[in-house]
Amino acid sequence: MTVTQRRGRRVMMTEGERDAYLAAQRTCRVATVGDNGRPHVGALWFCWDGTSLWLYSITRSLRWSQLRRDPALAVVVDDGVEYGELRGVELSGDAVFVGEAPRTGEPCPELDAPERMFAAKYFGMDVMPHDGRHAWLRLTPDAITSWDFGKMTPPTAG
């Protein structure tokens, strides 16, 4: 069950705006929990299928080992420079490992759609190239928060 955003409804993206935004953006920041309880944040490429965020991570990374121990995950995708341009999405929940690790291209029907999307988005290809170093994580979020400060109307002079 996804938690509904309560605060910031004025700047919240609609579902369609959020889906279009996540489809257009290229980089997210992924936060995992270390064994000392401290967060670790790193950048990754991703794709969004309207329900889940798909992350293609190096299997020998600190992120991967931390998620093996504790699947708790938070991801932020954001952009903007000026205050009125700030927008983004935060998604959180538990990571699920999908397919073989590292990924070599063994048949995995669950990965057919994410791999097509990812290959087109980042490589301009129809088929996902596999390097034997990466594997898939799926985040079906428990909570999603979004913001688009461009929706705020500036105060009028008066």
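The values are calculated or read from the model by the stated rules, or taken from the named source; none is laboratory data. Computed from a prediction, not measured in an experiment: that's the story for all the values here. All Cβ positions, glycine included, derive from the backbone under ideal geometry; neighbour counts span all protein chains shown. For the accessible areas, the whole protein counts, side chains as well, though only heavy atoms, and no ligand, DNA or RNA atoms are used. Shrake-Rupley method; radii C 1.70, N 1.55, O 1.52, S 1.80 Å.
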(message) What's the number of the only condition in (1) assigned to a strand (DSSP E or B); (2) open to solvent by less than 30 Å² (accessible area, probe 1.4 Å) that P141 fails to meet?
(response) (1)
(request) Scan region 98-113 for residues that are under 14 Å from H134 (Cα atoms) and surrounded by 14 or more Cβ atoms within 10 Å (Cβ to Cβ) and report the count. (result) 8
(request) Take region 69-90 and flag every residue that is β-branched (V, I, T) and surrounded by 14 or more Cβ atoms within 10 Å (Cβ to Cβ). (result) V75, V76, V77, V89
(request) Check G93, G132 and return the single one that is closer than 20 Å to W64 by Cα, without any contact (Cβ under 8 Å) to a residue 60 or more places away in the chain, exposed (fewer than 14 other Cβ atoms within 10 Å of the Cβ) and in contact with a Pro (Cβ under 8 Å, 6 or more places away or on another chain). (result) G132
